[in-house]
1. Please work out which residue is farthest from Phe58 (Cα to Cα), limiting yourself to region 146-170 and to residues that are touching a residue at least 60 places away in the same chain (Cβ under 8 Å) and assigned to a loop (DSSP other than H, G, I, E, B).
2. Listed residues Ser198, Ser161; which is modelled with pLDDT under 95 and in contact with a strand residue (DSSP E or B) (Cβ under 8 Å, 6 or more places away or on another chain)?
3. I'm trying to understand the selection: among the residues of region 7-54, which are open to solvent by 70 Å² or more (accessible area, probe 1.4 Å), touching a Leu at 6+ places or on another chain (Cβ under 8 Å) and at pLDDT 95 or above?
4. Specify which of the listed residues (Val126, Val173, Val183) is surrounded by 15 or more Cβ atoms within 10 Å (Cβ to Cβ), over 28 Å from His27 (Cβ atoms) and in contact (Cβ under 8 Å) with a residue 24 or more places away in the chain.
5. Would you please name the residue that is surrounded by the most Cβ atoms within 10 Å (Cβ to Cβ), looking only at residues in region 87-122 that are of a type in the set (Ser, Thr, Tyr) and in contact (Cβ under 8 Å) with a residue 24 or more places away in the chain?
6. Please find, among Leu151, Leu180, the residue that is at pLDDT 95 or above and touching a Pro at 6+ places or on another chain (Cβ under 6 Å).
Amino acid sequence: MSKGNPQRVWEIDFFRGIALVLMIIFHFLYDLNEFYGFSVQYNSGIYYYIGKVSAISFMLISAVSCSFSSGNFKRAVRFLGVALVITIVSHLYNPAFGIKFGILHFLGTCILLYPLFKGLHKYILVVLGTMIIVTGRYFSGLPVEHNYLFLFSLTGSTWVSSDYYPLFPWLGVFLYGIALGKVLYPRPRSLLRYFRWSKPLSFIGRHTLSIYLIHQPLLLLLIGIYVKLKGE
């Protein structure tokens, strides 16, 4: 465990910090393309996988962390509260970029659902998670004329959300994370020796939500300053 806090499994913060750095890189590329017109193909190649590895890492880590926390309900409400603010602000800024069910909406909802799954055997979790992923992939290809079932990847042509992680298929990944936690952490003890060089990433991993809130406005501001200076 971390020497600074014997109740924390330090590597969880460390890997969450890595996921956050990857997310910031992806959002930087996204902002360059979508807001400032730079030709960056963030939806293909290595850039695409940076974004997906970040999101999947957050899902797995959040699921594992649920078994350590006695305040999951408060954590879920905090996530959903911030997600609601992001939804409102993004739609006020530009409805074309409005976020309806992004990663924070997803994580908050999954944490609320965690009590339904925490008692299941790890193998059942893996089977159920796989079924949800396969079903979600199937649903995403079905023609739908409305958006009422967006939680299950069933959306029509009018659906817009610049960040979108529906429960089907992504809840399956969260269930994999619960199973992973049962395998790796039957008791909340660190598996890896603590290294001092991990402090920066561990620090931001402990403050992920705060950094998530400020990173996009900061990125847009910095890119905007660069573009303005370059144009002068």
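1. Only one residue tops the list, namely Val160.
2. Checking each option against the conditions leaves just Ser161.
3. Hits for region 7-54 are Phe28, Val53.
4. Val126
5. Of everything passing the filter in region 87-122, Tyr114 is surrounded by the most Cβ atoms within 10 Å (Cβ to Cβ).
6. Leu151
The values are calculated or read from the model by the stated rules, or taken from the named source; none is laboratory data. Only a predicted model underlies this, so the values are computations on that prediction, with no experimental measurement involved. A quick note on method: Cβ atoms are made from the backbone with ideal geometry, for glycine too, and the neighbour counts reach across all protein chains shown. Only protein heavy atoms, including side chains, enter the accessible area calculation; ligands, DNA and RNA are left aside. Shrake-Rupley method; radii C 1.70, N 1.55, O 1.52, S 1.80 Å.
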